Amino acid sequence: METRLNVIFFLLPKEDVEYIYEDEKLGDVLDKMEENRHTAIPILKRSGEYLGTLTEGDLLWAIKNKYQMDFRNSLSLPIADVPRYSKNTAIKISTDIQELFAKSIEQNFVPVEDDRGMFIGIVTRRNIIRYFDNIRSE
């Protein structure tokens with residue numbers, strides 16, 4: 001029997017993903033990213049919808065451009081007010097596996113939404129590479 005791959009096969013579920021909410025403050029987000037050693041993190045609405053991805057560079061440019069490098073004053077900036085330069089777009093859970101692979105070439109992780117547009121997790125490039133490395137090793 002042939003196993004057909006789909007997005008769920010590679011999914012790291014929401015409960016296992018570090019993410020932030022759009023109403024969190026820059027200082028809290030920096031702490032969370034540093035603690036978990038993330039260079040990028042998904043941003044969600046409190047309702048669970050995926051809004052985009054925040055990167056270390058986005059935070060740096062916000063501190064530089066909005067606060068003229070005044071780090072202390074920037075800590076209370078709402079994340080919703082930080083311009084984002086990367087466009088990590090989400091895919092639907094029903095997305096074709098080839099599209100997932102193509103998107104993973106451009107993004108370290110691919111956010112995944114259900115059919116209602118709610119964030120349900122991510123697929124990491126690392127998991128995809130490990131899968132193919134295991135096949136090659138067999």
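Any read-out appearing in this document is the output of simple, stated calculations on the displayed coordinates, not a laboratory observation. Owing to the predicted nature of the structure, the values given are computational and were not obtained by experimental measurement. Positions of Cβ are generated from backbone atoms using ideal geometry, with glycine treated the same way; all protein chains shown enter the neighbour counts.
Observations, loosely collected:
- Eligible aspartates and glutamates near LYS25 by straight Cα distance, threshold 13 Å, same-chain separation 8 or greater: ASP81
- For the stretch 69-138 and the stretch 28-61, distance of Cα centres in Å: 12
- Dipole of the stretch 7-137 [Lys/Arg +1, Asp/Glu -1 at C-beta], most positive-end residue of LEU44, VAL112, SER86: SER86
- Listed by chain and number, the aspartates and glutamates whose C-alpha is less than 19 Å from the C-alpha of LYS14, apart from same-chain residues fewer than 8 away, are GLU22, ASP23, GLU24, GLU35, GLU49, GLU113, ASP114, ASP115.
- For the stretch 76-138, trypsin sites (Lys or Arg not before Pro) are listed when DSSP marks them as loop and at most 14 other Cβ atoms sit within 10 Å of their Cβ; the list is LYS87, ARG116.
- Simple point charges give the picture: +1 on the Cβ of Lys and Arg, -1 on the Cβ of Asp and Glu, and for the chain a dipole about the Cα centre of about 260 debye.
- Only helical runs count toward this figure. For the chain, summing -39,500 (n - 2.57) over DSSP H runs of n ≥ 4 and dividing by all residues gives -11000 deg cm²/dmol at 222 nm.
- Packing-based exposure ordering (other Cβ within 10 Å, fewest first) of LYS32, LYS64: LYS64, LYS32
- Kirkwood-based Rg to Rh ratio, the stretch 7-137, C-alpha trace: 1.02
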